[in-house]
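The values are calculated or read from the model by the stated rules, or taken from the named source; none is laboratory data. Please read these numbers as outputs of a predicted model, since none were measured by experiment. Cβ coordinates were reconstructed from backbone atoms using ideal geometry, including for glycine residues, and neighbour counts include every protein chain displayed. Side chains are part of the model used for accessible areas, which takes the heavy atoms of the whole protein and leaves out ligands, DNA and RNA. Shrake-Rupley method; radii C 1.70, N 1.55, O 1.52, S 1.80 Å.
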Amino acid sequence: MITITPKRVFTVPVQAACISADVFAGKPLEEIKKLSITEGKETITLDDAFNITEDKTIETPNITLTGDFSKVKRIGQGMKTGEIIINGDAGMHTGEKLAGGKIIVNGNSGGWTGSEMKKGLIEIHGNSGDYTASPYRGTSTGMKGGVITIDGNVGTDVGCYLQGGIIRIKGSAGRYLGYHMLDGTIFVEKDCAIRAGACMTGGKIIINGTIELLMPTFTIDSIKPKVKIDATQNAQGPFYVFLGDIAERGTGKIFALKATNPAFKDYEKYL
């Protein structure tokens, strides 16, 4: 196991995509220390910014990061195998393009966490920022697979252009959840802000709390006693089931828990 701790408090962003189990695999410690990163505009080595040690008696996790990594971007980018544990906050783009393995954040995570993710698991035991599991602005390559779980809240535009996979949010979600969503599942245990599912054409969004305001381009379809989250877990209802976004000729579904959304009772007359 490789252990990494910051040598100082970072005041500018650090780009460190090389912090990855794939990149470290098979390299001696001295070679790992010389890997290039950038701090602001300056190109430096990993060893310039971090204390790096190795314990060969521990194989998993492959990498442990301890300290404040909130300004360190792209940890685990494109990783295919292995495990990273971050004991502290993680920066933007953590787990971007993840294609396998596991990343655990024992803190908060920045924006674009899990962007363009394909496989694997990301666990965030805190909050996650805007654009979690979403592509960059102006692009449409969303998360395709894998699982992201967030113990806290998430920001705006989470799960945009989602094409597959599962996002579990144990807290509340911001605006534009699942914007342009095509497939996959988003499960929110608490409340959700406005414009959930805007322009979605497929997939499902499950809200156990209150939806601040339902898009007018969704139509009620039915009331279901429960809904499947994944192969092993169901959310217990009853749920109002809304179809949309009909402005996009979409067939996506928003499941809104009946008990926490009494404002939707008037829709029942259309069933």
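LYS204 passes every criterion in (1) touching a residue at least 60 places away in the same chain (Cβ under 8 Å); (2) closer than 19 Å to GLY142 by Cα apart from (1).
Out of the residues in the stretch 53-82 that are over 14 Å from SER20 (Cα atoms) and open to solvent by less than 40 Å² (accessible area, probe 1.4 Å), which is farthest from the chain's Cα centre (by Cα)? Can you show your working first?
Step one: of the stretch 53-82, the residues over 14 Å from SER20 (Cα atoms) are 53-59, 66-71.
Add one more test, that the residue is open to solvent by less than 40 Å² (accessible area, probe 1.4 Å), and what stays is 67, 69.
Values: GLY67: 21, PHE69: 17 Å.
The extreme case among them is GLY67.
Of the listed requirements (1) small (Gly, Ala, Ser); (2) within 30 Å of THR141 (Cβ to Cβ); (3) open to solvent by 20 Å² or more (accessible area, probe 1.4 Å), SER20 misses just one: (3). Among all residue pairs at least 6 apart or on different chains, which show Cβ distances below 8 Å where the first residue, located in the stretch 183-195, is among the polar types (S, T, N, Q) and the second is outside any strand (DSSP E or B) and open to solvent by 10 Å² or more (accessible area, probe 1.4 Å)? That search, which allows pairs on different chains as well, returns THR185/GLY165; THR185/GLY203; THR185/ASP230.
Kindly indicate whether ILE167 is under 20 Å from ILE211 (Cβ atoms), assigned to a strand (DSSP E or B) and open to solvent by less than 20 Å² (accessible area, probe 1.4 Å).
On the way: under 20 Å from ILE211 (Cβ atoms): yes; assigned to a strand (DSSP E or B): yes; open to solvent by less than 20 Å² (accessible area, probe 1.4 Å): yes.
For ILE167, the condition - under 20 Å from ILE211 (Cβ atoms), assigned to a strand (DSSP E or B) and open to solvent by less than 20 Å² (accessible area, probe 1.4 Å) - is met.
Could you say which residue among GLY146, GLY100, GLY159, GLY138 is more than 22 Å from ALA193 (Cβ to Cβ), surrounded by 23 or more Cβ atoms within 10 Å (Cβ to Cβ) and out of contact with any Asp or Glu (no Cβ under 7 Å at 6 or more places or on another chain)?
GLY146 is the lone residue from the list that is more than 22 Å from ALA193 (Cβ to Cβ), surrounded by 23 or more Cβ atoms within 10 Å (Cβ to Cβ) and out of contact with any Asp or Glu (no Cβ under 7 Å at 6 or more places or on another chain).
Hey, can you tell me all the residues within the stretch 29-52 that are part of a strand (DSSP E or B) and open to solvent by 80 Å² or more (accessible area, probe 1.4 Å)? Even if it seems obvious, please write down each step before you answer.
Filtering the stretch 29-52 down to residues part of a strand (DSSP E or B) leaves 36-39, 42-45, 50-52.
Correct list: SER36, GLU42, THR43.
Candidates GLU116, GLU123: the one that is free of Cβ contacts under 8 Å to residues at least 60 places away in the same chain, open to solvent by less than 60 Å² (accessible area, probe 1.4 Å) and either aliphatic (A, V, I, L, M) or over 17 Å from ILE84 (Cα atoms) (or both) is GLU116. Within the stretch 170-182, the set of residues being within 19 Å of TYR136 (Cα to Cα) and out of contact with any Ser or Thr (no Cβ under 9 Å at 6 or more places or on another chain) comprises just one member, GLY178.
Within the stretch 7-21, is there a residue that is in contact (Cβ under 8 Å) with a residue 40 or more places away in the chain, part of a strand (DSSP E or B) and farther than 16 Å from THR81 by Cβ? The answer is yes; a qualifying residue exists.
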